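The values are calculated or read from the model by the stated rules, or taken from the named source; none is laboratory data. Because the structure is a prediction, the values reported are computed rather than measured. Positions of Cβ are generated from backbone atoms using ideal geometry, with glycine treated the same way; all protein chains shown enter the neighbour counts. What goes into the accessible areas is simple: the full protein's heavy atoms, side chains included, and nothing from ligands, DNA or RNA. Shrake-Rupley method; radii C 1.70, N 1.55, O 1.52, S 1.80 Å.
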Amino acid sequence: MKGRFSKLQRNVVLSVVSVMLLMQGGFLTILRMGQIKVRKTKTDAFVEKLFENEGHASKSLQDKTMHSSLIAPLGEEDTFSSNDDALRRLSKGVSNYLFHTEDKKFHFYFASRSDEEGNILELFTDFPYDKDAGGVTGFLGVAENIISRKKDSGLYKNFYYAREKRPYGYLTVYLDYRNEIEETKAFYKIVFLVIVISLFFSVISFILLNTFVLEPIKVAFDAQKRFISDAGHELKTPIAAISANLEVLKNEVPNNRWVSYIIEENDRMKNLVKDLMYLAHTDSGREKHIMEKVNVSDTITFAILPLESLIFEKGKELVMDIESDMFLVCDEGKIKQLLVILVDNAVKNSDKGDIISVKAYKEDSNIVIKVHNTGWGIKKEDLDKIFERFYRVDSSRNRTTGGYGLGLSIASAIVNAHHGKISVDSEEGKWAEFKVMLPLGTKK
C-alpha cells in the first residue's frame, strides 16, 4: 500500500509539472513565433528595398559619397581569398555606421552582381570601409561561398542573403544578422532559465501543499489497510470454529452433500482470508520472507509436478523447459506459490487440447520464468488491470474457475518482494504469457 501511495504522489507531481511545462512552453513558443514573424516581415521589406534600388537602401544613396565599390570590376592584378579574420576586422570597422530604416537597424549590409556562371562582377556597399584592413577579402569570400550555394535565400555564418535574377546574371544582397542570432541565443537562455525556476517553485509549492491535497487520500489508504488486516484477524476465529464444528457434523452425518457444500465454501473463505492477510502484511511491510540460497531450478520443477496429473486429467498438455542448476537467494515457499498461481491461472484459462508450457532460464543478471498457454487469451483492455486485486476478466467470472481475483495480485506481490518484475502479454483467443524476471543480486 505504501508503494501504491508513493506511486500516486509521483504521478500527481509529474502531472502538475507536465501541465505547467506545457503551458509555459506553449506560451513561449507562440511568443517566439510572433517575434520571428515580425523579424521576417521587416527583413523581407528591407531586402525588397535593396532589390528595388539595385543593392542600395535608397536611390539617393547610389550617388552619395558614402557608396563604396569594393570591386569594380575585378582585374588580373587583384587577388582575393576568403579570410574570416579580415571579415571580422572590417565588420568591427563599420559597426559604428548603422543604417536607419523605419522598421529595422542593420549593422552592415552589402551587395554583389554576378554572372550566370557565378563569377562576381562587382561587390559594393553603402557603408564606408577600410580597404587597408583587408576586409574586402573577407566579404569576397562570404559572397563566393553564398553564390556557390545557388539558393535564392538563407543564412550563412552571420549573414542573411537573398538574390534575384537580373539581365547580367544575379543581384545578391547580404545583411549582417548578428543581432538576430544573438537575440535567438538570448531567448533560449531565458526559456531555459524560466523552465528551471518554474520547476523549482512547482516542486516546492507541491511539497508545501502535499499535506492538504494528498493527506486525506493517504488517510483513506491507511484506513483500508487497517480494515483488511483487522477484518482478517476477526474472521480467522469464526472460520476456525466453523471448520471444527463441520468436522464433527461430517462424522455425525456422513456423505451429506449439504455438509460437503458448507465445508467447500468454508475452505474457500479460509483461503480468501489467508490471501487478504498476506497482502495486508505485504502492504504494511510486516510480511516476513525467509531468504535463502536455493536451487531454483528444482524449486520450479517441484512446484509444477504435482499439477501435472491435474493438467493431464483435463485433457491438456504440459511442456517444461527448465535450465538446470540455477541458484537464487529467495523465499523458496513463495516462489513455489508464485509458480502454482501462474500455472493454475493457465489451466483455468485454456480448453481441452491446449498446451501449457513453463520455461526458466538465465538472462544477463536475471532468472526469467515464462508461463505460456494457448487458449482464451486476454483482451488488450484487461492487460493493464490483470494484477489489480479482485479483478477478473469476464471470461473467468464463473464458479467453475473458482477464486476471488487475488491470485495474480499475490503473484505480483511475491515478485515485488524479490525486487523483480512481472508482466503479461497476450493475443485474445489464441494465447497468453506471463513473464517473471528475478534478479540474481537479491540479498538475504
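Of the residues making up the range 367-390, those that are open to solvent by 30 Å² or more (accessible area, probe 1.4 Å), closer than 17 Å to Ser412 by Cβ and either outside any loop (DSSP other than H, G, I, E, B) or touching a strand residue (DSSP E or B) at 6+ places or on another chain (Cβ under 8 Å) (or both) number 3.
Checking each residue in the range 280-300 for being modelled with pLDDT under 75, surrounded by 16 or more Cβ atoms within 10 Å (Cβ to Cβ) and part of a helix (DSSP H, G or I) picks out Ala280, His281, Thr282, Asp283. Only a single item in (1) of a type in the set (Ser, Thr, Tyr); (2) surrounded by 14 or more Cβ atoms within 10 Å (Cβ to Cβ); (3) at pLDDT 65 or above is not met by Ser91, and it is number (3).
Residue-wise test of (1) buried (at least 16 other Cβ atoms within 10 Å of the Cβ); (2) at pLDDT below 80; (3) closer than 16 Å to Ala413 by Cα.
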residue: Arg226; (1), (2), (3): no, yes, no
residue: Leu235; (1), (2), (3): yes, yes, no
residue: Pro238; (1), (2), (3): no, no, no
residue: Ala244; (1), (2), (3): no, no, no
residue: Val248; (1), (2), (3): no, no, no
residue: Asn251; (1), (2), (3): no, no, no
residue: Met277; (1), (2), (3): yes, yes, yes
residue: Phe302; (1), (2), (3): no, no, no
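If you filter the range 398-444 down to residues that are more than 21 Å from Val329 (Cβ to Cβ), open to solvent by less than 10 Å² (accessible area, probe 1.4 Å) and part of a strand (DSSP E or B), you find that the one that is modelled with the lowest pLDDT is Ala432. Residues in the range 144-181 that are open to solvent by 50 Å² or more (accessible area, probe 1.4 Å), modelled with pLDDT of 90 or more and in contact with a Gly (Cβ under 7 Å, 6 or more places away or on another chain): none. Could you list all residues from the range 304-330 that are crowded, with 17+ Cβ neighbours inside 10 Å and either part of a helix (DSSP H, G or I) or at pLDDT below 90 (or both)? The answer is Ile304, Leu307, Ile311.
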